[in-house]
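Structure first, commentary second.
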Amino acid sequence: MASGIKDKVAILGMGCSRFGERWESGAEDLMVEAFTECLADAGIEKKEIQAAYLGTHFDEVNVGKASLPLSLALKLPFVPATRVENFCATATEALRAASYAVAAGAYDIVLALGVEKLKDTGYGGLPGGAGRGVNARMEAANMTAPGMFAQLATAYSAKWGISMEKIKDAITHVSVKSHANGAMNPKAHLRNVITEEQAKKAPMIAYPLGLFDCCGVSDGSAAAIVTTPEIARSLKRNQDIVFIKAIQVVCSSGEEEMFTKWDGSHFATTRRAATMAYNEAGIKDPRQEISMMEVHDCFSITEMVTMEDLHISPKGGAYEDIMSGFFDLKGQVPCQVDGGLKCFGHPIGASGLRMVYAMYEQLLDRVPEERKVKNARLGLTHNLGGFPWKNVAAISIVGRG
Amino acid sequence: MTGIVSYGGYVPRYRLDRRKIFQAMGWMDPSTASNMRGEKAVANFDEDSITMAVAAGIDSLCGMDRSKVDGLYFASTTMPYKERLNAGICTAALGLKDQVRAADFGGGLKAGTTALLAALESVAAGGANTIMVCASDSRMGRPASGEEMIFGDAAAGFIVGNGEVIAEFKGSYSITYDFGDHYRGAFARFDRKWEDRWIRDLGYDHFLPEVIKGFLSKYGLKIQDFAKVIYDCHYGAERKKLNKMLGITAEMDQGNYQEQIGHCGAAQSLVMLAGALEGARPGDRLLVVSFGSGCDALCFEVTENILNKKSGRGISGSLANRAELDVYEKYLVWRDILPAEMGLRSEEDLWTRWTALWRKRKEVLGLWGSRCLKCGTPQLPAQKICVNPECGAVDQMEEYLFSDKKGQVVSFTGDMLAASYNPPAIYGAVEFEGGGKYYFDFVDCTLAEMATGLPVTFSFRRKYYDKKRDISGYFWKAVPVKEDK
C-alpha cells in the first residue's frame, strides 16, 4: 500500500510575479520575476537546482512547446527539464512532479514553475476551441468556459430545489468576498472592492453568471523550489518550514459526461480527489481541520459547489455556509484569502502554484495583519481543469511542521 | 401500384413580416410595396437547403423503418456544394443505410417535380422499392428587390414506393424550355430576373396551359376531374387569370402559401402537394405542376390508405410552430448579407479534417452512438469500452441511433461570450430517453423558455461555415418541444 508523500517533501522557497495585464512583460520576464523571488527565498544558488518542471497551457500563444522556454529564460545549469500540461491543474502538476522526484530520491532540489501569458491572445476571456481538439469542431455545442460552468447553477437549482435567485445571492457573496480580499493584495490583478448591487447589475456573460462572476484573465508566473525535509531543516535552521501534506489529481473517466448518473450539479473528480488528499494528509474532519483554502473559483458558481465537493459544507448546504460568512476572511475556513482566481487572476499554467504561494505566505506569517488568517496550520489548494463533465481535479494540502 | 407512401414538410420557425422589409428597404424602390403582404419563412442562421431537406425527410418517415429506404433524390437550387454529393450528406443525416442510390437534382425550379417523377419511375420500373424525395430551397433576393420579399424558405419530403400507397401515381407530362425568367450564375448569391410582365405574359400564360392541356389530352382527362390543381405561380392576379383560363375553381386551387412562407423555389410545388395531401380524401385526383425552365405535370389519385396513415407534423404543423423574426437586420446577419462583428472567437480557424470526418461520419452526420450489448447502456459518442463503471465491457457494442430519440434538458445557459449569429448562444446537457447524454446547442427557442426537465427533439443543423474554404459543417442540435399553437 502506497504511503503517499506526506511530510516527505518540504518547500524551500516560493516566488510569485505580480499578476495582471502585464502588457510590458513577456512570459520570459514573468518567469524571471517569480524565479528570482523563489531562489532568494530558498536561499540557494541556481547551480544547486537538479531538475525542473515547467507548467504552461496555451503554448500556441504563449512560450511554445517543450521545456526549453524555462531552461533558456532562467539559464538553468544544464538540468533535466520537463514541460507538463493538464489544463488548469497544470501548475499543480508541475509541483506534483517536482515533489515526486524529491520523494523518490531521484533529486534533492527541484524547481516547479508555472507561467501563462494570456494577454497576448487578444481575447477577454479565454480563446475557444484550440484546447479541445479537432472533434470539438465537428460536434458538441459551441461553448465557452463561462457557459460550461454556468450550467452548474441550473443543474444545482434543479437538484436541491434552491431558487436561481438564492443561487445568485450566494455567488454574489462569493465574488464580493474575493474582491474584498484581492483589494488588500499588492500582487493581485483586480484590486477594487465591489458591492453586491454592482455584481448583480453587471452585464450577463452566461446566464446566470454576470461579469463579476467570472475570474480575471491574467498574465503571471509562480514558482516553488522543493527539497527533502533534512535539507530544508539544515538550510532553514530555527525557521518554520512548510511541508507537502498531500497532492492528489483525479481525471474523469467519461462517466459524468456520458453516463446518466451524474446530475451536473457537482464535480465528481473533486469529491474523489478531496477524499484521497485527506487520507494522504491524515485529515479526518476537514471542516474542523483545514485552516484556509484557495479553490478553483474560475466562476463564482464553481466555488459554491466546490465547498460541498471538498466535504467542507454538507451537500446542498453551501448556500447557508456562504451566506453566513463561513468562508469570509474572518470566517471559520477563509477561502480565496489572496483574492482567488477571481481577483488575483488566472494565468492558467501558473494558478496552482500561485494558490500554494498564498498558503505558504500565510503559514510562514508573511502577510500583513489585515489579510492574515488566524492560527493557520493547514492550507488546501484546488484546481479544476476542463469542463464540469470531464475534467482534471487537483488538490494539494500544505502545512507547517 | 406505385405512388406516394408517406409525406412530410418543413417550414423554418422564423417568419419575417414583409412590412419590416419594406420599412427598412422600401426607400430604394417604393414599388416593392406591391409584395408587402404577409410574411416570409426564414431559415434560422444554422439552416440551409440540406438541413431543411433532412427535417422534411424525417417528417416523412413518420415512424417508418429507415433501413427500408433504397434511395434519396434531393432537389434544390441552393445546395451548399457544387462538388460533394449534397444528397449524400442528407442520407447520412437521415440515418439511411449505406447501400442507397442518391442523386442531386438542381438547376431549374422544376427540379423538385423532376426528382419526384424520377423516383416514381425508378420504383415503377422495379429499380428500387422505396425512394425518398426531398425538395428544399433557401433562395436569396438582393436587399430592396421584390424577390427578397417574395422568396421564402421551406422543404417537402416524400416516400415513394409500391403497395400501400396513399396517392397512386397516374401519369405525367413534361415540357422543357430554356426560359431565362430567373437565373443565377455559378458564383452568384442573389437571384436575378428579367421583366415581370414577360414572365407572366409569356411564361405562366403559355407554359402552364401548355403542360396542363398536354397532360389532359395525353390521358383523356378534363380539369374538372381533379379535386385539386397544385401549380406554381406566385403572382396573385396571374393566378386568378390562369384559374379562369383553365377552369380551375376556387375549391380546386391549392393555396400557394405566398403569405405564410413565400416562394420556396424547387420545393414550391411539392410543399403545396404536401399541404394538399393533409386535407385529401380517398378518390381525390391531384394534379401537380411546377414552373421553371419548363414544367412537369404529375397526376395522383388518393387511396383509402390515407385514412389510416400516420402523418408527421407536415406543412400545417410546421406553420403553426411560428416565431416572429423581430428585426429585419437579423435576417441580413443570418444570411451573411450584413457583415456584423462577432468577435475573435468567430475567426478561429479550426478547419475540417476530412479524414476525421470520414471516420466519424455516422456520429457527426447521423448522430449514431453505441449501446453496450452486456449492460444495455446507450452512449454518445460511440465507445470501445463501456462507460458504465459497473460494466466496463470491451468491444461489445452495437450501433445505436440517437437522432430519433426524445430527450430532456438537464442543465442550460445562455452565453453572450460565444460567437453566435443569434446571441445568447443557448446550450446545455440533454439526457436521452432510454439513456445516453450529450451537450447540445439549443435552437428555435429563447433563453426565457428554457428550463431543466424540458422535453427536446433533435434537429440536423449547420454547425459552422468555414468561409476561407467554403465548407459547411453539420451536426445535431436540440429543439425544445413546444405546444403547437
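Side notes on the structure shown:
- The mean of 1/r over all distinct Cα pairs in segment A:163-310, once inverted, gives the Kirkwood hydrodynamic radius of 18.3 Å.
- R0 of 41 Å, Cβ-Cβ distance A:Met164-B:Ala393: FRET efficiency to nearest 0.05: 0.55
- Per-residue average of Cβ from other chains inside 10 Å of A:254-267: 6
- Between B:Leu401 and B:Lys218, the simple label model (points 7 Å from Cα in the Cβ direction) yields a spacing of 3.5 nm.
- Nonlocal amide H pairs with A:Ser67, under 5 Å, H built at 1.01 Å: A:Arg83
- Dipole orientation for the protein assembly as shown: of the candidates B:Phe151, B:Gly161, A:Asn192, B:Gly161 has the Cα lying most toward the positive pole (charges on Cβ; Lys, Arg +1; Asp, Glu -1).
- Stokes-Einstein translational diffusion, chain A - Kirkwood Rh over all Cα pairs, 1.306 mPa s, 10 °C, in µm²/s: 77 µm²/s
- Restriction of the GluC sites (Glu not before Pro) in segment A:8-109 to DSSP coil positions whose beta-carbon has at most 11 other beta-carbons within 10 angstrom yields A:Glu24, A:Glu45.
- Average accessible surface area per residue within segment A:305-378, 1.4 Å rolling probe, Å²: 28 Å²
- Taking all Cα-Cα distances within segment B:339-453, those exceeding 16 Å account for 68%.
- Remark: segment A:59-118 carries 38 Å² of accessible area per residue (probe radius 1.4 Å; ligands, DNA and RNA excluded).
- Centroid-to-centroid separation of segment A:327-401 and segment B:153-203 [C-alpha atoms, Å]: 68 Å
- Listed residue (A:Phe344, B:Tyr438, B:Met25) projecting farthest to the positive dipole end of the protein assembly as shown, Cβ model: B:Tyr438
- Accessible-area composition of chain B, carbon plus sulfur, in percent [1.4 Å probe]: 51 percent
- Candidate lysines for bridging to B:Lys228, where Cα separation is under 16 Å - those fewer than 8 sequence places away on the same chain excluded: B:Lys170, B:Lys213, B:Lys240, B:Lys244
- At most 13 other Cβ within 10 Å, DSSP loop - trypsin sites (Lys or Arg not before Pro), segment A:54-89: A:Lys65, A:Lys75
- Reach of A:Lys245 by Cα under 17 Å, taken over lysines that are not fewer than 8 positions away in the same chain: A:Lys6, A:Lys8, A:Lys284
- By the Cβ distance rule (another cysteine Cβ under 4.7 Å), the unpaired cysteines of chain B are B:Cys62, B:Cys90, B:Cys134, B:Cys233, B:Cys264, B:Cys295, B:Cys299, B:Cys445.
- Share antiparallel - DSSP beta bridges, chain A, percent rounded to 5: 75 percent
- Spatially proximal lysines relative to B:Lys477 (Cα-Cα < 21 Å; intrachain offsets below 8 disregarded): A:Lys390, B:Lys330, B:Lys360, B:Lys362, B:Lys405, B:Lys406, B:Lys437, B:Lys463
- Fraction of alpha-carbon pairs over 43 Å apart in the protein assembly as shown - percent: 42 percent
- Cα pair distances in segment A:1-158, grouped into 5 Å bins until the bin that holds the longest one, percent each: 1, 8, 15, 18, 17, 13, 10, 9, 5, 2, 0, 0
- Cα-derived Rg over Rh, computed across segment B:416-485 with Rh taken as Kirkwood radius: 1.00
- Computed FRET value (nearest 0.05) for A:Lys75 with B:Arg469, which takes r as the C-beta separation and R₀ as 51 Å: 0.70
- Look at the stretch B:39-46: the mean tally of other chain Cβ atoms within 10 Å of its residues' Cβ atoms is 0.
- For peptides B:318-329, B:427-438, A:100-111, sequence by mean Cβ density within 10 Å, most packed first: B:427-438, A:100-111, B:318-329
- Ranking B:Leu221, B:Met342, B:Gly247 by how far each Cα lies toward the positive end of the dipole of segment B:203-345 (charges on Cβ) leaves B:Leu221 at the top.
- Per residue of peptide B:431-439, the mean number of Cβ atoms on other chains within 10 Å of the residue Cβ is 4.
- Loss of accessible area when A meets B, both sides summed, Å² nearest 100, probe 1.4 Å: 3800 Å²
- Segment B:221-268, accessible area per residue, ligands and nucleic acids excluded (1.4 Å, Å²): 40 Å²
- Span from the segment A:268-308 Cα centroid across to the segment B:53-82 one, whole angstrom: 52 Å
- Label-to-label distance for A:Ala183 and A:Ser253 is 4.7 nm, based on points extended 7 Å past Cα in the beta-carbon direction.
- Estimated from the Cβ-Cβ distance and a Förster radius of 41 angstrom, the FRET efficiency linking A:Glu320 and A:Ala66 is about 0.30.
- Spacing of the two label points (7 Å from each Cα toward its C-beta) at A:Thr36 and B:Ala188, in nm: 6.7 nm
- Each Cα pair under 8 Å and six or more residues apart adds its sequence gap; the mean of these over the residue count of chain B is a relative contact order of 17 percent.
- Taking the Cα centre of segment B:127-198 as reference, the dipole from Cβ charges on Lys and Arg (+1) and Asp and Glu (-1) amounts to some 200 debye.
- Residue-averaged 222 nm ellipticity for the protein assembly as shown, from DSSP H runs of 4+ at -39500 (n - 2.57), nearest 500: -8000 deg cm²/dmol
The values are calculated or read from the model by the stated rules, or taken from the named source; none is laboratory data. Quantities reported herein were computed from a predicted structural model and do not represent experimental measurements. As a convention, Cβ positions derive from the backbone with ideal geometry for all residues, glycine included, and neighbour counts pool all protein chains shown. Areas reflect the complete protein model, heavy atoms only, side chains present, ligands, DNA and RNA absent. Shrake-Rupley method; radii C 1.70, N 1.55, O 1.52, S 1.80 Å.
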